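Chemist: Before I ask anything, here is the structure I am working with.
The values are calculated or read from the model by the stated rules, or taken from the named source; none is laboratory data. From a predicted model like this one, the values you see are computed outputs, not experimental measurements. Every residue, glycine among them, receives a Cβ derived from its backbone with ideal geometry; neighbour counts consider all protein chains shown. For the accessible areas, the whole protein counts, side chains as well, though only heavy atoms, and no ligand, DNA or RNA atoms are used. Shrake-Rupley method; radii C 1.70, N 1.55, O 1.52, S 1.80 Å.
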Amino acid sequence: SLTKLITLPTHRSCNEAYGRDEEYFVWALAPLAAGSTAADALNAYNASKFRSGLSVGLGLKTLREFEDRPSGLYLPSGLVVKRLEGQRIKRVVWKIVRGLYRHETGSVLPEATTFSVDIIEPHRSGPSEMDEFWEAIKAQPGKGVYAGVFDYKYLHAEADSEHLHGWGMLLWDKIMIFVGHLHPADAAT
């Protein structure tokens, strides 16, 4: 039963405006989480839709985003590059964060708030410039009820009289997404 899902009231038109980007988000990222129970079920569902003639264009588009020889380069054996439509991914991530912010604080996070996003797919190596902040977020308790599908952590920190909000999300037990933003009042000054 999914009775513990976080739901928020939204305008139908506002919510529907994200539909195509949300579908792309799932089709583009779920294959990167292959091997987890939730992602495997989602990938199988999308494959069955594709085989039955639904979402064929989207399926082909996201398959073409995988490249074994990007720009003619030879990658090490077994590696491929996955190109994403970053703005579409960021738009969905920001929608999720804005909903979580409302859930956590009771306040509305303006859509125009500046934020940073770091998506860490399985097997990624190399540090991010935000690693110290991301580690502080990872140390927070998990808040997701259905953690194998979606878990999140939240950190509200103060530094130099500015409030910084950090979010860590885990999708399908494999893909980590970190988002940082200033408190809306701090960002406006």
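Chemist: Send over a whole-number figure in Å² for the accessible area per residue of region 133-189, probe 1.4 Å.
Modeler: Each residue of region 133-189 exposes 48 Å² on average to a 1.4 Å probe.
Chemist: Per-residue counts of other Cβ atoms within 10 Å, averaged by peptide: what ranking do you get for 83-91, 106-114, 26-34, highest first?
Modeler: 26-34, 83-91, 106-114
Chemist: With the full set of protein chains in place, find how many percent of the accessible area of the chain is carbon and sulfur; take the probe as 1.4 Å.
Modeler: For the chain, the apolar C and S fraction of the accessible surface comes to 56 percent.
Chemist: Evaluate E = 1/(1 + (r/R0)^6) for E16 and E111, where r is the Cβ-Cβ distance and R0 equals 22 Å; express this FRET efficiency to the nearest 0.05.
Modeler: 0.90
Chemist: Another one. What share of all Cα pairs of the chain, in percent, falls into each consecutive 10 Å distance bin?
Modeler: 8, 31, 37, 19, 5, 0
Chemist: Where only protein heavy atoms count, and the probe is 1.4 Å, what is the accessible area per residue for region 1-93 in Å²?
Modeler: Per-residue value: 67 Å².
Chemist: In terms of Cα to Cα distance under 19 Å, which lysines are near enough to K95, apart from those fewer than 8 places away along the same chain?
Modeler: Of all the lysines, those that pass the test against K95 - Cα under 19 Å, at least 8 places apart if same chain - are K143, K153.
Chemist: May I ask you to derive the relative contact order of region 1-143, considering only C-alpha pairs under 8 Å and at least 6 residues apart, and to give it as an integer percent?
Modeler: After rounding, I find 21 percent.
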